[in-house]
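The values are calculated or read from the model by the stated rules, or taken from the named source; none is laboratory data. Computed from a prediction, not measured in an experiment: that's the story for all the values here. Quick reminder, even Gly has a Cβ in these numbers, built from the backbone with ideal geometry, and neighbours come from all protein chains shown. Accessible surface is based on the protein model in full, side chains and every heavy atom, while ligands, DNA and RNA are left aside. Shrake-Rupley method; radii C 1.70, N 1.55, O 1.52, S 1.80 Å.
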Amino acid sequence: QVQLAESGGGLVQAGGSLRLSCAASGDTFSTYITYCMGWFRQAPGKEREVVAAINWNGRNSYYDESVKDRFTISRDNGKKTLYLQMNSLKPEDTDVYYCAAESDSPFSGNYYTRPDDYSYWGQGTQVTVSS
């Protein structure tokens with residue numbers, strides 16, 4: 001069973017950048033490349049919402065409208081790591097960010113955007129953007 005660990009969160013001023021990483025362990029490379037993966041965020045008392053999602057080889061991706069043209073999702077399957085490059089950060093981007101993984105058919109072009117679609121989650125990393 002895969003374990004996911006996020007890193008890279010922190011405090012940044014509005015307009016700044018952060019890069020989140022999500023390292024996977026406990027699974028083989030051949031299994032990791034079957035995972036669709038995503039980044040979600042959640043504020044206290046609110047539902048978890050998708051930020052971005054990506055298929056197994058990174059050729060298909062999805063972005064929530066609120067982060068389009070500012071955030072970039074990518075993955076390095078050789079390192080079993082998912083990334084989220086966040087630029088032009090705004091105070092409203094302040095949240096706990098989670099990465100998620102879900103098994104899919106090998107070489108699938110799918111990605112998933114609903115939290116219920118994912119079986120594996122990291123513990124989250126706090127991102128705080130000051131104005």
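Things worth noting here:
- Taking each DSSP H run with n ≥ 4 as -39500 (n - 2.57) and averaging over every residue of the chain yields -500 deg cm²/dmol at 222 nm.
- 10 Å Cβ shell holding at most 15 others, DSSP loop, trypsin sites (Lys or Arg not before Pro): longest site-free stretch of the chain: 71-131
- For segment 114-131, 3J(HN,Hα) computed residue by residue from phi via the Karplus equation (6.51, -1.76, 1.60; θ = phi - 60°) reads 9, x, 5, 7, 10, 9, 10, 9, x, 7, x, 9, 7, 10, 10, 10, 8, 8 Hz, glycine and proline entered as x.
- On segment 1-95, 45 percent of the accessible area sits on carbon and sulfur atoms, based on a 1.4 Å probe.
- For the chain, fraction of C-alpha pairs farther apart than 24 Å, in %: 21
- R0 of 35 Å, Cβ-Cβ distance THR28-ASN87: FRET efficiency to nearest 0.05: 0.60
- Cβ distances below 4.7 Å define possible disulfide partners, and in the chain the cysteines left without one are CYS36.
- Inter-centroid distance (Cα atoms) of segment 40-67 relative to segment 8-26, Å: 14
- The chain, dipole about Cα centre (Lys/Arg Cβ +1, Asp/Glu Cβ -1), debye to the nearest 20: 320
- Farthest towards the positive end of the charge dipole of the chain, among the residues ALA24, TYR63, TRP121, is the Cα of ALA24, using unit charges on the Cβ of Lys, Arg, Asp and Glu.
- Accessible surface area normalised per residue over the chain is 50 Å², counting heavy atoms of protein chains with a 1.4 Å rolling probe.
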